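Only one structure is covered here, and it is reproduced in the block below.
The values are calculated or read from the model by the stated rules, or taken from the named source; none is laboratory data. All values reported here derive from a predicted model rather than from experimental measurement. So basically every Cβ, Gly included, is an ideal-geometry build from the backbone, and we count neighbours across all protein chains shown. The area values use the complete protein model at the heavy-atom level, side chains included, leaving out ligands, DNA and RNA. Shrake-Rupley method; radii C 1.70, N 1.55, O 1.52, S 1.80 Å.
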Amino acid sequence: MKTALGTILITEQEIRRRIAELGRQISNDYLKTPVTLVGILRGSFVFLADLIRAISLETPVEVDFMSVSSYGDATTTSGTVHIEKDLGISVGGKDVIIVEDIVDTGLTLFHVYNILLGRGARSLRVAALLEKPGKSKYNRPIDYLGFKIPNKFVVGFGLDYAQRYRNLPDIRVLDEI
Ligand code: 5GP
């Protein structure tokens with residue numbers, strides 16, 4: 001498939017402003033309360049890097065990453081998940097925010113949420129930069145959502161196509177040509 005970068009959907013400035021707001025919200029919600037950010041690799045690393053710097057120093061923040069691949073499955077609604085890289089820390093008894101780049105089917109989030117719940121996280125919330133409409137298997141609202149976007153394939157700000165375009169500073173639609 002031949003592809004080309006399409007129009008800018010969300011500008012660098014819009015992203016910066018929104019992340020600053022999310023950081024303020026998290027700082028208020030976790031004032032003087034330690035919080036653990038769990039980034040889902042690889043797409044979330046750019047969002048997480050900006051988000052963590054938007055959180056006040058009054059909030060002690062711990063960070064770790066995990067990588068999972070989830071597969072849809074015709075016979076079950078939830079599919080299966082494979083942990084490719086696990087956390088190095090324990091989340092037992094901790095207040096955790098899962099940090100995801102984009103929620104599409106919601107399968108990845110559904111699985112990670114349940115894994116961390118099973119490991120005894122005291123509370124679990126979700127921060128996602130982007131959400132596509134409708135078909136999410138993760139049927140709770142996203143606690144800290146950057147932007148709702150239309151159902152198009154997007155790249156930039158950490159999101160890739162075949163490992164490219166993660167270094168774009170804005171979010172763009174990828175067009176087939
Ligand atoms: P879900 O499990 O919610 O269907 O998918 C989540 C993962 O699929 C994201 O973390 C991301 O890696 C990938 N993904 C879903 N939609 C897009 C998209 O529009 N662009 C890119 N680059 N990745 C996407």
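Couple of notes before you dig in:
- In the range 39-56, the residues that are of a type outside the set (Lys, Arg) and away from the ligand (no atom under 13 Å from the Cβ): Ala49, Asp50, Leu51, Ile52, Ala54, Ile55, Ser56
- Within the range 92-107, the set of residues being open to solvent by less than 40 Å² (accessible area, probe 1.4 Å) and either acidic (Asp, Glu) or within 14 Å of the ligand (Cβ to nearest atom) (or both) comprises Asp95, Ile98, Val99, Glu100, Asp101, Ile102, Val103, Gly106, Leu107.
To keep it simple, each residue is scored yes or no on (1) within 15 Å of the chain's Cα centre (by Cα); (2) within 17 Å of Phe47 (Cα to Cα); (3) part of a loop (DSSP other than H, G, I, E, B).
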residue: Ile83; (1), (2), (3): no, no, no
residue: Ile97; (1), (2), (3): yes, yes, no
residue: Leu109; (1), (2), (3): yes, yes, no
residue: Ala128; (1), (2), (3): yes, yes, no
residue: Asn139; (1), (2), (3): no, no, yes
residue: Val155; (1), (2), (3): yes, yes, no
residue: Pro169; (1), (2), (3): no, yes, yes
residue: Arg172; (1), (2), (3): no, yes, no
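- For the range 111-126, a residue qualifies if it is under 13 Å from Gly39 (Cβ atoms) and part of a strand (DSSP E or B), and exactly one does: Val126.
- Some residue of the range 144-162 being closer than 24 Å to Asn28 by Cα, in contact with a helix residue (DSSP H, G or I) (Cβ under 6 Å, 6 or more places away or on another chain) and either within 13 Å of the ligand (Cβ to nearest atom) or open to solvent by less than 70 Å² (accessible area, probe 1.4 Å) (or both): yes
- First in the range 109-131 and open to solvent by 20 Å² or more (accessible area, probe 1.4 Å) and within 15 Å of the ligand (Cβ to nearest atom), second anywhere and in a loop (DSSP other than H, G, I, E, B) and polar (S, T, N, Q), Cβ under 7 Å, 6 or more apart: Phe110/Ser78
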